[in-house]
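Visitor: If you scroll down you'll find the structure; I have some questions about it.
The values are calculated or read from the model by the stated rules, or taken from the named source; none is laboratory data. All values reported here derive from a predicted model rather than from experimental measurement. Cβ sites come from the backbone with ideal geometry, for glycine too, and all protein chains shown count toward neighbours. For accessibility, only protein heavy atoms count, side chains too; no ligands or nucleic acids. Shrake-Rupley method; radii C 1.70, N 1.55, O 1.52, S 1.80 Å.
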Amino acid sequence: LAAVTFRPVSKVTQAAEKNDCRVRVLDSCPLLPGNEILLGDEFNRVESLGSIYLVANLRKQIRHGTEVKQVEISPVAPAPTAEDGRTQAFMDEVETFDDWRNPTNPRSADNAVMSYHGVRLVDQEQDPQGRQKQLLKSYSKDGLFPEVNKALYMNMREKLRDFAGYIRELRSAFEVGRSDSILTPFEGDVVRGMKDWDGTKVNEMINRFSRGQILCW
């Protein structure tokens with residue numbers, strides 16, 4: 001659960017072909033490395049600037065004049081009756097997918113990682129920690145994460161169905177209390193940065209939320 005917006009920030013000044021990782025945009029583009037963006041209807045992330053160098057190669061041609069939008073995720077205060085931020089599509093396609101541990105299922109994490117990265121996940125029973133490492137690494141690399149993020153951000157039922165096994169198993173790697181976990185839970189204060197493009201967001205947050213309020217971001 002989060003407020004996802006797509007803010008126009010620039011336009012493509014020269015067509016980019018499929019598999020390119022560089023997109024030429026207007027000089028006034030305010031993006032920074034690490035920003036998630038939408039090129040037409042394709043999700044990606046900025047790796048570096050000097051035009052825009054992308055983390056993932058383009059999956060199709062991007063035409064001259066295509067609008068470049070930054071993906072902005074703002075915090076929201078969930079209602080007391082909210083299903084932990086899960087949409088109906090997520091509940092239907094992901095939470096009810098009980099065969100997510102079956103490596104031969106086309107909706108499994110095994111199939112997703114093999115399809116996008118050409119990597120075979122190790123067997124869960126033989127090396128559970130090694131498998132967790134592979135899952136986390138696969139999400140931090142180009143190729144898979146833009147498609148998974150797009151499915152989650154835009155609540156795309158068909159894509160959620162396709163990635164159901166991967167989402168379930170990736171989430172399980174963050175489960176607190178599992179005996180074979182490779183992650184250590186952090187408890188304490190964290191700082192979340194946010195670009196205040198026009199000087200209004202800080203005041204908006206002050207007016208919308210109060211100290212100690214539970215938020216999803």
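Visitor: Under the rule of -39500 (n - 2.57) per DSSP H run of 4 or more residues, summed and divided by the residues of the chain, what mean residue ellipticity at 222 nm is obtained, to the nearest 500 deg cm²/dmol?
Guide: -7000 deg cm²/dmol
Visitor: List the pair-distance distribution P(r) of the stretch 1-60, using every Cα-Cα distance, as the percent of pairs falling in each 5 Å bin from 0 up to the bin containing the longest distance, rounded to whole percents.
Guide: Bin by bin from 0 Å, the calculated values are 4, 18, 33, 27, 12, 4, 2, 0.
Visitor: Tell me, what is the Rg over Rh of the stretch 131-179, with Rh the Kirkwood radius over Cα pairs?
Guide: 1.00
Visitor: Quick one: P(r) of the chain from all Cα-Cα pairs, 5 Å bins, percents rounded to integers, in order of increasing distance.
Guide: 1, 6, 12, 15, 16, 16, 15, 10, 6, 2, 0
Visitor: Put +1 on the Cβ of each Lys and Arg and -1 on the Cβ of each Asp and Glu in the chain; which of Leu144, Val4, Ile37 then has its Cα farthest toward the positive end of the dipole?
Guide: My answer, from the dipole projection, is Ile37.
Visitor: Right, something else. Taking the radius of gyration and the Kirkwood hydrodynamic radius from Cα positions alone, what is the Rg/Rh ratio for the stretch 1-117, to two decimal places?
Guide: Looking at the stretch 1-117, the ratio lands at 1.07.
Visitor: Rounded to whole Hz and in sequence order, give me ³J(HN,Hα) for the stretch 175-189 from the Karplus expression 6.51 cos²θ - 1.76 cosθ + 1.60, θ = phi - 60°, writing x for Gly and Pro.
Guide: 5, 7, x, 6, 5, 9, 5, 9, 10, 10, x, 9, 10, x, 8
Visitor: Here is a further query. Report the relative contact order of the stretch 79-217, percent, no decimals, based on alpha-carbon pairs under 8 angstrom and at least 6 residues apart.
Guide: Relative contact order, the stretch 79-217: 26 percent.
Visitor: Rounded to the nearest 20 debye, what is the charge dipole size of the chain about its Cα centre when +1 sits on each Lys and Arg Cβ and -1 on each Asp and Glu Cβ?
Guide: 580
Visitor: Given the stretch 84-131, report the % of alpha carbon pairs whose separation exceeds 15 Å.
Guide: 55
Visitor: Also, quick follow-up: Pairs of lysine in the stretch 61-217 with Cα under 15 Å and at least 8 positions apart or on different chains: total?
Guide: Lysine pairs meeting the criterion: 4.
Visitor: Averaged per residue, what accessible surface does the stretch 9-50 expose to a 1.4 Å probe, in Å²?
Guide: Heavy-atom SASA per residue in the stretch 9-50 reads 51 Å².
Visitor: With every protein chain kept in the model, how would you rank Ile37, Ile214 by accessible area, 1.4 Å probe, largest at the top?
Guide: From most accessible down to least: Ile214, Ile37.
Visitor: Another question, then. Would you tally the net charge around Gln129, using a Cβ to Cβ cut-off of less than 14 Å, leaving Gln129 out, and scoring K and R as +1, D and E as -1?
Guide: Here the count lands on -2.
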